[in-house]
1. To the nearest Å, what is the center-to-center distance of segment B:91-116 and segment A:420-468, using C-alpha atoms only?
2. Any chance you could list P(r) for segment A:321-462, counting all Cα-Cα pairs in 10 angstrom bins from zero, rounded to whole %?
3. Please turn the phi angles of segment A:423-440 into ³J(HN,Hα) values with the Karplus equation 6.51 cos²θ - 1.76 cosθ + 1.60 (θ = phi - 60°), one per residue in order, whole Hz, x for glycine and proline.
4. Grab the beta carbon distance between B:I3 and B:F120, set R0 = 25 Å, and tell me the FRET efficiency rounded to 0.05.
5. Could you sort out which of A:K168/B:K115; A:K242/A:K283; A:K105/A:K168 sit more than 32 Å apart by Cα distance in this structure?
6. Just want the ordering: B:T125, A:T93, from fewest to most Cβ atoms lying within 10 Å of their own Cβ.
7. Can you figure out the FRET efficiency of A:N201 with B:I52, using R₀ = 22 Å and their beta-carbon distance, to the nearest 0.05?
8. Can you give the Rg to Rh ratio of segment A:85-214, both from alpha-carbon atoms, with Rh computed by the Kirkwood formula?
Amino acid sequence: MELLQNLGLGLAVAVQPINLFYAFVGTLLGTIIGVLPGVGPVATISVLLPVTFGLNPTSAIIMLAGIYYGAQYGGSTTAILVRLPGESSSVVTTLDGYQMARQGKAGLALATAALSSFLAGTVATLVVAVAAPILAEFALAFGPADYCALMIFGLVGAVILAQGSIIKALCMIVFGMLLGTIGIDMNNGTARFTFNISQFNDGLDFAVVAMGMFGLGETIANLERKDHVRHVVDRIRDLWPKPKDLKAILPPALRGTVLGSALGILPGGGPILASFSAYSLEKKISSNPERFGNGAIEGVAAPEAANNAAAQTAFIPMLTLGIPATGTMALMIGALMMQGLAPGPQLMFQRPELFWGVIASMWVGNAMLVILNLPLIGMWVKLLSAPYRLLYPSILLFCCIGLYAIHNDAGDVLIGAVFGFLGYMFYRLNCELAPLLLGFILGPMIEENLRRALLISLGDPIVFVERPISLTFLVMTVALIIAMAAPGLQSLRRKAFQE
Amino acid sequence: MNIHMSQDRLSGLFFCGVAIVGIALSSNLGLGTPARMAAGFFPMWLSVLLLILGGVVLARSFIQADEPVGEISLRPLTAVLAGVVIFSLAVERWGFALAGVVLIVVSRLAADRFKPLEVFILAVTLVGLSALIFLYALKLPLRLLPF
């Protein structure tokens, strides 16, 4: 009953004209950048962070969330039509989706992707509504030591499930945490690593780091790559699936939804892992697996459902524990903090209208996406031919305006340029940027909780193993690290990301 | 510019370098005791951890062959960064309109097919649109023109 009441409150917030407007702006922007080559959701959300300062927090998060799951939709459109995954979570969709398009079934493939995603979005919204309060309630009992252990577990977990070298990702986390210590230490007024730069006194601004690395750094890296020649499927017919198609879509989409919802909650799980796992599950249980890779409809329905469900349930740890599972979630936390809100279990009780409004708006946004994507597909296909030489100057201009707008300070633009260089450098060194962002967000929180935990225990570190919650997280962290070093898991992980 | 050093070795060197600077600066800040952590406590341990992790990356690069960093094309790197730096220095002196146009023209040098008319139209359109959005709709306190 309480669930219905909460969802009712959320829906009432979500359908307010202003929030409907921002959900629409978000999903529209998300769809566009999902389709546009070389512009990703992380960069877009970073660039738009300063714009959200002027909004109320609920509308701001609704819009940013819309960009996030809108990009998932848009990304699958390009995966199907031109075999170019707009987002990394739609890599799997290229396998069968593009084959379907080549067999003249592009319309059916697009509809499958959109309807599976909508189904997954609806179910996952319910999952979030049920699971989030339970988790938040549970997390209220956490002490400083427990939080510390949880955050360390979250960071280590995020690395395992990320792509690329584990040890380099760990380096990036610690480097991010070190960047987070810049500024005046709130507890004793000592200036740390400020190098007499006035902008450093209040700490490095999250938006400056994100915009510099993702907005500027990624643009430089994109410019360096050669342009791909794209082959666009010219006409899309038979968009609406027949009843027999719907029957073929439903079971794999449901399986993908369940798998995606579960994996999305895990730290670092997120949409990419979910889509890969859903695809291999379908292949495993299929009676004739050789159809996969040759235009199997399950190969589109399951991963598309899974990545959308995971995109949604990734909000659970973010909203209830204040722990980001992915780089995008770190940006959302950054946006909340810049609005003066502390993400964590109190959020749900202090700001129920924000909490439930954001959850309900995800469902509203998903409905908007079906409308945006299916009938307007012709328009998005045209966007695909937009040349990057006209796109990137606008990204740079928005970045510069955004950097300036944070504090109306031209110095921030300069610092942003430094992070642009760093972002490009890390790209070339094959070091992933998302772990750095997670470390930067969680570092100060870990320090604060560590300080409090050790103050209470009079400096005795035994407090971390005395408390059952903290001990559990630490044991799980150690288990993860051991599993990481095991050769079996390493080859499995490599295989999963190669497929 | 072509860098023959492997990605791992350069990453390892970078992280170790940052860690050493971190250790040096944190020790000046004072460590305190665990119960009463001084400002240097947390960054010191982070730096030590980074030194260990970066050291592993560095050591591994001598055992395992890894891809070299490869060709760095200086044009996109310098054009984009130069555009942004000029913007930051110019925006308060010359006003947003001029700084924005310079940013777009300079950064546009990063990619091929620089057609003066196209770039000019692009710059004027983008600056005009963002002036409407940011200066008039969102009321950002920025001057449009230098006078």
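What follows is calculated from the coordinates using simple rules that are stated; it is not laboratory data. If you're wondering where the values come from, they're calculated on a predicted model, not measured in any experiment. Glycine gets a Cβ as well: all are built from the backbone with ideal geometry, and neighbour counts include every protein chain shown.
1. For segment B:91-116 versus segment A:420-468, the Cα centre distance is 39 Å.
2. The percentages, shortest bin first, are 9, 21, 31, 28, 8, 3, 1.
3. 3J(HN,Hα) across segment A:423-440, in whole Hz: x, 5, 4, 5, 4, 6, 8, 6, 9, 6, 7, 4, x, 4, 5, 4, x, 5.
4. Details: r = 36 Å, r/R0 = 1.45.
So the FRET efficiency works out to roughly 0.10.
5. The answer is A:K168/B:K115; A:K105/A:K168.
6. Values: B:T125 13, A:T93 32.
In increasing order of surrounding Cβ atoms, one gets B:T125, A:T93.
7. After rounding, the FRET efficiency stands at 0.15.
8. Here Rg/Rh amounts to 1.12.
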